[in-house]
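The values are calculated or read from the model by the stated rules, or taken from the named source; none is laboratory data. Quick caveat, the model's predicted, so the values are computed rather than measured. Positions of Cβ are backbone-derived with ideal geometry, glycine not excepted, and every protein chain shown enters the neighbour counts. Areas reflect the complete protein model, heavy atoms only, side chains present, ligands, DNA and RNA absent. Shrake-Rupley method; radii C 1.70, N 1.55, O 1.52, S 1.80 Å.
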Amino acid sequence: MFEKFVEKHIEDLTHIANAVRSLSMDAVLKAKSGHIGLPLGCAEIGTLLYFAVMNYSPKNPNWIDRDRFVLSAGHGSMLLYSLLHLAGYDLNLEDLKQFRQLHSKTPGHPEYGHSAGVECTTGPLGQGLSMAVGMALSERMLNARFPHVGSNDIIDHRTFVLAGDGCLMEGVTSEACSLAGHLKLNRLIVLYDANNITIDGTVDITFSEDVAKRYESYGFRIFHAEANDFLSLAKAMDLAYENSLLPNGESGPSLIICKGIAGKGSPKWEGKHKIHGNPMSAEDVAEAKKHLGLPADKSFYVSPEACEASKTLLSFREQKFLRWNSVLDDILSNWKSNQKDIYRLWFEIFTPFSAQPFQEEQWKLAKGKMATRVSGGKALVELAKSNPRLVGGSADLAGSNLTTLPDTSFVSAKDFSGRNIHFGVREHGMAAICNGITLHGAFQAFCATFLVFSDYLRPAIRLAALMKIPTLFIFTHDSYGVGEDGPTHQPVEHADALRAIPNLCTLRPADGLETFAAWENAVTKNTMKPTAFLLTRQDLPDLDEHLETPRLCSKISKEIEKGAYLLKDFSNKNNAKKLIFVASGSEVTIAFDAAKKLEQAQELNLSIRVVSCLCPKTLVKNPVTFHFLVPKNTKTFAIEASSGMSFGEIVGRDGSILHMESFGASAPISVLSQEFGFTVDHFVQFVKIQLA
């Protein structure tokens with residue numbers, strides 16, 4: 001298939017590949033910064049994909065059935081930018097000239113949302129390949145939901161990845177690719193740029209494993225090609241496609257090991273490790289252009305032959321989109337007449353962020369004494385009823401995280417129709433895969449583990465926040481309340497570490513009502529940011545049982561957007577000393593009961609306000625709410641079973657924070673509460689000492 005196409009168009013492809021090299025060299029030279037080794041060495045790989053293999057539409061860049069290309073080795077970004085420009089995406093020569101400049105469409109590493117055609121933000125090695133696994137999984141899940149009509153599968157595309165040695169060294173790809181092989185994701189094709197180069201030298205100084213055998217053990221099919229030979233690449237791609245089309249899911253993902261030369265085309269630098277990340281000089285660029293048969297004195301030059309070749313080869317791509325669109329019209333008409341449930345599901349899935357807020361009957365499920373992991377599980381199930389986009393799972397902790405959706409199956413290599421995913425003990429890979437699922441555009445993914453393991457997910461969480469995508473991260477067992485498992489499983493600094501990530505909404509609710517409100521907020525409103533839920537293992541009381549007037553569900557849902565809300569002003573005694581208690585999660589009840597006890601001590605003459613603060617960072621960023629809830633010159637106390645750093649700005653210099661000062665200990669929770677001082681009596685004494 002591809003071999004014959006390449007034989008017919010090899011001259012056209014060669015002109016385009018040389019244009020990719022020329023544009024990449026000029027952009028890096030102008031910026032005086034960038035990685036040129038990969039764009040030079042992988043020009044044939046990229047050209048083959050964009051001009052012979054992949055289906056996409058620059059005029060319709062969000063076409064759901066487009067093939068995806070992920071440049072996991074994101075340092076080689078000029079390869080992608082040059083290809084997108086030549087392929088007709090909205091990326092012109094002026095954009096290429098602004099490579100690595102402020103506010104340009106061509107940042108140093110590809111960034112999702114900056115330019116059409118960039119499928120995800122890559123740069124941290126291995127994250128791209130791992131997100132691509134999520135995209136390939138999402139494609140299979142989507143395909144399973146929409147049966148073909150006649151001979152047509154309306155969802156049937158592939159995910160291509162270009163990865164380097166660094167990507168394969170990173171542990172996250174081992175986790176992700178292990179799952180990809182287990183699930184036999186036969187629409188995933190990884191091209192491995194095996195150029196024997198890393199920044200510090202040749203690969204053999206650190207990397208001597210047999211990559212082919214490792215990936216074969218994962219369940220990948222292994223093929224070999226010469227990275228700078230179009231016919232060799234096309235033959236390998238034909239084999240990969242044949243493999244991916246085998247029936248009954250008995251195939252698996254493909255790894256094409258592309259033996260290449262970093263810096264190919266530069267007589268001075270090709271094959272040398274310094275070409276990986278060092279710009280070439282003007283003289284070196286001129287020499288390389290002469291070697292490629294291009295004018296040495298022209299910058300950002302695309303030959304007439306390359307321009308004509310691009311137009312010719314792109315016409316095939318656009319025709320495929322038009323044919324697909326025509327088939328979709330016919331299929332939708334068929335579903336509308338004969339399969340109304342599937343017809344409705346299509347529009348529900350492709351109407352992003354259409355989840356319905358909770359109804360009155362659903363809010364009732366939040367009432368009563370329960371762990372917030374329990375109320376969180378209930379909220380997830382209820383939201384999933386009206387939102388078929390919600391899919392996900394846990395890192396072998398579904399029974400503890402309570403994240404299994406009922407009335408649907410777990411995804412398997414033989415059946416992708418379910419909404420639950422067994423990720424196994426693969427926290428690093430799980431988070432990146434979920435980002436890929438969300439990026440794919442059909443689903444909103446959630447994943448879960450214990451809060452103490454959030455460090456394993458952190459690189460992917462940071463990328464989700466950077467990309468402004470609404471992946472959901474569920475962390476249970478959020479404090480020393482884990483109990484007997486001890487300090488290895490008792491998070492201390494983790495809440496503060498998550499709150500430090502820009503554009504991440506980190507919510508630690510105090511009871512079922514707050515948990516439901518947090519979930520409603522995350523799924524129906526936080527469309528441009530990920531959310532992290534910090535939930536308890538231990539039961540917490542229903543705060544409404546301690547209030548004279550129950551909280552309004554709709555009001556709490558709105559207040560959570562501001563990060564905190566007023567739980568109770570205990571009194572407004574004349575001439576009383578005013579205090580403010582701020583707490584989150586399981587410590588809100590302690591603050592509440594301590595305030596009530598201190599109010600009753602008439603000799604102290606205190607008037608205390610209790611604020612439930614689900615997200616200190618959000619509160620501080622809302623100055624109107626912040627100054628209303630925590631007025632200046634009012635002594636403020638905070639309590640949280642964490643390192644307490646997040647509350648420093650809230651309490652100010654004159655305030656005090658009761659927080660964890662150790663990593664925890666192994667004992668029953670009741671013993672630990674006494675040991676670490678998270679009791680009403682201890683907090684009362686803590687306040688009295690500070691007031692003395």
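Couplings for region 407-416, taken from phi via the Karplus curve 6.51 cos²θ - 1.76 cosθ + 1.60 with θ = phi - 60°, read 6, 8, 8, 8, 4, 9, 5, 9, 8, 9 Hz in order; Gly and Pro are left as x.
DSSP beta bridges fully contained in the chain are about 15 percent antiparallel.
Across q = 0.11, 0.23 Å⁻¹, region 413-496 modelled as identical point scatterers on its alpha-carbon atoms has Debye log10 I(q)/I(0) values of -0.33, -1.10, in the order of the q list.
Once the 1.4 Å probe is applied to the protein heavy atoms, region 262-310 comes out at 51 Å² accessible per residue.
Residues whose amide H falls under 5 Å from that of ALA227, counting only those 5 or more places apart or on a different chain, are LYS259, GLY260, with hydrogens built in the peptide plane. With bins 5 Å wide beginning at 0, the percent of Cα pairs of region 516-650 falling in each bin runs 2, 9, 19, 23, 21, 15, 7, 3, 1, 0, 0.
When you filter the trypsin sites (Lys or Arg not before Pro) in region 381-431 for DSSP loop state and at most 12 other Cβ atoms inside 10 Å of their Cβ, you are left with LYS414. Residues in region 49-96 average 23 Å² of solvent-accessible surface per residue, probe 1.4 Å, ligands and nucleic acids excluded. Could you work out the percent of alpha carbon pairs in the chain separated by over 32 Å, rounded to a whole number? Cα-Cα pairs in the chain separated by more than 32 Å: 55 percent.
For ASN62 and GLU649, what is the calculated FRET efficiency with R₀ set at 35 Å and r taken between the beta-carbons, to the nearest 0.05? Once rounded, the FRET efficiency stands at 0.30.
For region 614-692, the relative contact order works out to 23 percent when only alpha carbon pairs closer than 8 Å and six or more residues apart are counted. Amide H contacts of VAL70 (H built 1.01 Å from N, in plane; Pro and chain starts excluded): PHE160, VAL161, LEU162 sit under 5 Å, all sequence-distant by 5 or more or on other chains. Note that region 49-61 has calculated 3J(HN,Hα) couplings of 4, 7, 10, 9, 10, 6, 9, 6, 9, x, 6, 10, x Hz, one per residue in order, obtained from phi through the Karplus relation 6.51 cos²θ - 1.76 cosθ + 1.60 (θ = phi - 60°); glycine and proline are x. Semi-axes of the equivalent ellipsoid of region 381-528 are 22, 18, 16 Å, computed as sqrt(5λ) over the eigenvalues of the C-alpha gyration tensor in descending order. Per residue, the accessible area of region 425-479 comes to 21 Å² when a 1.4 Å probe rolls over the protein heavy atoms.
Of THR14, THR549, THR471, the residue with the largest accessible area leads and the full order is THR549, THR14, THR471 (1.4 Å probe).
The smallest convex shape that holds all Cα atoms of region 517-565, its convex hull, gives 89 Å³ per residue.
Computed FRET efficiency, Cβ-Cβ of SER217 and GLN101, R0 45 Å: what is it to the nearest 0.05? Using R0 = 45 Å, I get an efficiency of 0.55.
Hey, if you put +1 on the Cβ of every Lys and Arg and -1 on every Asp and Glu Cβ in the chain, which of VAL680, LEU402, ASN572 ends up farthest toward the positive end of that dipole? So the residue furthest toward the plus end is ASN572. In this label model, VAL425 and GLU545 are separated by 3.7 nm, measuring between points 7 Å along each Cα→Cβ vector. Spin-label pair LYS274-LYS597: with each label point 7 Å from Cα along the Cα-Cβ axis, the two points sit 7.0 nm from one another. For region 570-658, applying the loop criterion from DSSP together with a ceiling of 16 other beta carbons within 10 Å to the GluC sites (Glu not before Pro) yields GLU603. For region 76-193, the relative contact order works out to 20 percent when only alpha carbon pairs closer than 8 Å and six or more residues apart are counted. With contacts taken as Cα pairs under 8 Å at a separation of at least 6 residues, the chain carries a relative contact order of 12 percent. The angle between the Cα long axis of helix 127-145 and the longest principal axis of the Cα atoms of the chain comes to about 90 degrees, rounded to the nearest 10. With N the number of residues in region 217-285, Rg(Cα) / (2.2 N^0.38 Å) evaluates to 1.54. Taking the 1.4 Å solvent-accessible surface of region 32-151 as the whole, the part contributed by carbon and sulfur is 47%.
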